[in-house]
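Colleague: I have a structure here, written as structure tokens, and I will follow up with some questions on it.
The values are calculated or read from the model by the stated rules, or taken from the named source; none is laboratory data. Predicted model only: the values in this text are computed from it and were never measured. Neighbour counts run over all protein chains shown; Cβ positions are idealised from the backbone, glycine included.
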Amino acid sequence: MTATTQTTQPQHSRSEPQPKDVQKTFWTDSDGDTQLDALTALNDCSQGSLIRTLIEDAFAEQFGDLDPAHIDHGHVSVKDLRALANGETTVEELDFETETDDRVDEYDPDAYYLTVTPDDLAEPGPELDWKTLRDAVKNPEDGGYWNDDLEIHPSRVGEDTLKASHRPAARILTGLARSQAYENGVVPQETIDDLVDTYCLHLTDRVADDEQERGKAHIRETYTSLVTDQLYENPSPTADSYYCSKDALQTRLQAELDTAHSVAERAGTITDFDAWKPTDDADDDDKRRQEWRRDIVRWLTDIARAKHTGRMYATELRRGDYETDHAANESMTAFDVVHDRLHDALEAVDDLPADVTADVINRLDDAFVAVITNE
């Protein structure tokens, strides 16, 4: 985690405890993580075991054989502890019969603790509590890890862990969804639906039997929308899925730019059987014509998908940085390129014989037909 520092006085050596009015920082920064890893490797133990040992050793060094129970019962003050550490008194000289007004549990230290890391969240492990998960999905400037790449392994979240706090709950669910994405970074809608059912249905406050289903429907609608708002809709008229990150989406949009260029280049030959057919072809003419029509179907499918992408992500294509070497001039945006290329391709459709057009349209998925014909 990036250290967050607020300094009001010159900093002390990093090997000394920092007064809370001098520096506010998580000690588990990158250097601290490395040091902790080195010590656990040396001692062949867990981080928790190592930290417990370090605490016990430090306590004994500062306070001798003082029983922590005396502190817990309020019989040892913060002033007593400082006197012990400075050698100004001994454990035998302390009064364990009288409660102190300067109790340790009333002292208000800055709470710095060993946080989970993004790698911890993405890997299998014990369940984390709500506070830990909530803090992990905060924005980086607030001490969290939230970004397009954050994943959370399902083992880290209990089925009743989430609270009715929209933003952190939605981000936790999104992290869970990313951990179950395909290799191309796509999450099916079905996965999101399952996650909402598993982790959110307990959040409904509808207790009456006749209200339960309405409450569950409200939870499903609310949290499904909150999660999909964190993701990027798949730019395909037949897909019911989402990309996990903007980088993955932009890779897909670049592919559709290339598709738009390809369909335009093929427009002059794909619509003419004689131009499409290989010159040395010896196959049966009817068989070749069937293959030609199947090729036209694939070509029109590419047109429809690229056209739908251009509509859905028009703003992104206008503003994003995409490869447009095939553009007529440098001032053209990626959206302009898609529009021009598809316009050229669709004009060539008019050159198809009527019977071929009817047959091909009949073979296309209805969603692709709607995109092509909806000018």
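Colleague: Can you confirm whether the stretch 188-197 contains a residue that is in contact with a Phe, Trp or Tyr (Cβ under 8 Å, 6 or more places away or on another chain), under 24 Å from Gln250 (Cβ atoms) and crowded, with 19+ Cβ neighbours inside 10 Å?
Modeller: yes
Listed here are the residues, each with its yes/no results for (1) touching an Asp or Glu at 6+ places or on another chain (Cβ under 7 Å); (2) in contact (Cβ under 8 Å) with a residue 60 or more places away in the chain; (3) assigned to a helix (DSSP H, G or I).
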{"position": "Thr40", "(1), (2), (3)": "no, no, yes"}
{"position": "Cys45", "(1), (2), (3)": "no, no, no"}
{"position": "Thr53", "(1), (2), (3)": "no, no, yes"}
{"position": "Glu61", "(1), (2), (3)": "no, no, yes"}
{"position": "Asp65", "(1), (2), (3)": "no, no, no"}
{"position": "Lys79", "(1), (2), (3)": "yes, no, yes"}
{"position": "Arg82", "(1), (2), (3)": "no, no, yes"}
{"position": "Gly87", "(1), (2), (3)": "no, no, no"}
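Colleague: Quick one: which of Glu141, Glu88, Glu99, Glu106 is out of contact with any helix residue (DSSP H, G or I) (no Cβ under 9 Å at 6 or more places or on another chain) and more than 30 Å from Gly175 (Cβ to Cβ)?
Modeller: On the way: Glu141 fails: more than 30 Å from Gly175 (Cβ to Cβ); Glu88 fails: out of contact with any helix residue (DSSP H, G or I) (no Cβ under 9 Å at 6 or more places or on another chain); Glu106 fails: out of contact with any helix residue (DSSP H, G or I) (no Cβ under 9 Å at 6 or more places or on another chain).
Checking each option against the conditions leaves just Glu99.
Colleague: A further question follows. If Pro237 passes every condition in (1) without any contact (Cβ under 8 Å) to a residue 60 or more places away in the chain; (2) more than 20 Å from the chain's Cα centre (by Cα); (3) surrounded by 18 or more Cβ atoms within 10 Å (Cβ to Cβ) but one, which one does it miss?
Modeller: Only one criterion in (1) without any contact (Cβ under 8 Å) to a residue 60 or more places away in the chain; (2) more than 20 Å from the chain's Cα centre (by Cα); (3) surrounded by 18 or more Cβ atoms within 10 Å (Cβ to Cβ) is unmet by Pro237, namely (1).
Colleague: For Thr98, which of the numbered conditions (1) of a type outside the set (A, V, I, L, M, F, W, C); (2) in a helix (DSSP H, G or I); (3) exposed (fewer than 13 other Cβ atoms within 10 Å of the Cβ) fails to hold?
Modeller: Going through the list (1) of a type outside the set (A, V, I, L, M, F, W, C); (2) in a helix (DSSP H, G or I); (3) exposed (fewer than 13 other Cβ atoms within 10 Å of the Cβ), Thr98 breaks only (2).
Colleague: Please find, within the stretch 241-264, the residue that is modelled with the lowest pLDDT out of those that are surrounded by fewer than 23 Cβ atoms within 10 Å (Cβ to Cβ) and outside any helix (DSSP H, G or I).
Modeller: Ser245
Colleague: Sticking with this structure for a sec: With the checklist (1) in the same structural domain as Phe96 (by TED's automatic domain parsing); (2) at pLDDT below 90 in hand, flag the one item Phe59 doesn't pass.
Modeller: The number of the failed condition is (2).
Colleague: Can you tell me which residues in the stretch 150-167 are surrounded by 20 or more Cβ atoms within 10 Å (Cβ to Cβ) and not in a loop (DSSP other than H, G, I, E, B)?
Modeller: Of everything in the stretch 150-167, just one residue is surrounded by 20 or more Cβ atoms within 10 Å (Cβ to Cβ) and not in a loop (DSSP other than H, G, I, E, B), namely Arg156.
Colleague: In the stretch 86-95, which residues are within 53 Å of the chain's Cα centre (by Cα) and surrounded by 13 or more Cβ atoms within 10 Å (Cβ to Cβ)?
Modeller: Val91 - this is the single residue of the stretch 86-95 that is within 53 Å of the chain's Cα centre (by Cα) and surrounded by 13 or more Cβ atoms within 10 Å (Cβ to Cβ).
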